Amino acid sequence: MSTSTISHGSSWPHLLVDSFANVASTTQSGKTIYGPWNRLLNTLFPPDTQFEVVPHYSISNDATDVMIFLLIYIETSPIFLVELKQPSDFRYSSKRQEADIKMRQCFLDCVDEMQIPVLHGVSVFGTKMAFYRLNKTSHVLEPRKIVPDRDRLTDIAPKDWWCWDILEEEGADKFRAVVEDVKAMCSGVIF
């Protein structure tokens, strides 16, 4: 399979790189961010294996703002979560807060169906990623929730949570490591 090098030496298949490049070069909203991430997840969790990538849609209070979740399952058990938001939303604290709240709700909805010890998730704005993980036994979800101050504005989903980029070497490596951890956990469970 042909690959292309993105900043700092990260390599992905050319079709995937082109898909992300098309998102970066367009001002359209809607499907733009969904395509590259769907392609990436179906590359890492191929459809001819036990994994199934299933889209879920969540509409916020602003009916024009659709949040897309791509949940990866084995049978009816969730094994990996990816939440997608448009890159233009990243600059707004309220959109990051909404993304964090939706991620936490999604983990809460999935915890009873978990069959692996840790459920990983990624919140995405374009190519920027924040990594989440839920321990099934302790029910501890990281990153820890930031409780807002009663009297002051509090950024409960700081920008630095999304410090990883899927098209940079460190971000791609971290994403691959999480996927490999998920696959290793799945290999030890009978579904």
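The values are calculated or read from the model by the stated rules, or taken from the named source; none is laboratory data. Remember, predicted model here, so these are calculated numbers, not experimental data. No Cβ is skipped: glycine too gets one built from the backbone with ideal geometry, and neighbour counts run over all protein chains shown.
Can you report the number of residues in the range 126-156 which are outside any loop (DSSP other than H, G, I, E, B) and exposed (fewer than 15 other Cβ atoms within 10 Å of the Cβ)?
Residues of the range 126-156 that are outside any loop (DSSP other than H, G, I, E, B), as a first pass: 128-135, 141-142.
Next cut, exposed (fewer than 15 other Cβ atoms within 10 Å of the Cβ) only: 135, 142.
So the count comes out to 2.
Cβ separations smaller than 7 Å between residues 6+ apart or across chains give no pair from the range 3-18 residues that are closer than 16 Å to ASP173 by Cβ and among the charged types (D, E, K, R) to residues that are assigned to a helix (DSSP H, G or I) and modelled with pLDDT of 85 or more.
If you go through the range 43-55 one residue at a time, do you hit one that is in contact with a helix residue (DSSP H, G or I) (Cβ under 6 Å, 6 or more places away or on another chain) and at pLDDT 90 or above? Steps first, please.
First, the residues of the range 43-55 that are in contact with a helix residue (DSSP H, G or I) (Cβ under 6 Å, 6 or more places away or on another chain): 44, 53.
Filter once more, so that each one left must be at pLDDT 90 or above: 44, 53.
Yes: one or more hits.
For the range 100-118, does any single residue satisfy the condition of being without any contact (Cβ under 8 Å) to a residue 60 or more places away in the chain, not in a helix (DSSP H, G or I) and not aliphatic (A, V, I, L, M)? No, the range 100-118 contains no residue that is without any contact (Cβ under 8 Å) to a residue 60 or more places away in the chain, not in a helix (DSSP H, G or I) and not aliphatic (A, V, I, L, M). All but one of (1) more than 27 Å from PRO143 (Cβ to Cβ); (2) at pLDDT below 85; (3) touching a Pro at 6+ places or on another chain (Cβ under 8 Å); (4) in a helix (DSSP H, G or I) hold for SER19; state the number of the condition that does not hold. Condition not satisfied by SER19: (2).
Looking only at the range 72-85, decide whether some residue is outside any loop (DSSP other than H, G, I, E, B), of a type in the set (Gly, Ala, Ser) and either at pLDDT below 95 or crowded, with 18+ Cβ neighbours inside 10 Å (or both).
Within the range 72-85, the subset outside any loop (DSSP other than H, G, I, E, B) is 72-74, 77-85.
Filter once more, keeping what is of a type in the set (Gly, Ala, Ser): 77.
From what is left, the residues that are either at pLDDT below 95 or crowded, with 18+ Cβ neighbours inside 10 Å (or both) are none.
No, the range 72-85 contains no residue that is outside any loop (DSSP other than H, G, I, E, B), of a type in the set (Gly, Ala, Ser) and either at pLDDT below 95 or crowded, with 18+ Cβ neighbours inside 10 Å (or both).
Residue-wise test of (1) of a type in the set (A, V, I, L, M); (2) over 10 Å from the mean Cα position of the chain (by Cα).
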{"position": "LEU70", "(1), (2)": "yes, no"}
{"position": "TYR73", "(1), (2)": "no, yes"}
{"position": "ILE79", "(1), (2)": "yes, yes"}
{"position": "VAL118", "(1), (2)": "yes, yes"}
{"position": "PHE131", "(1), (2)": "no, no"}
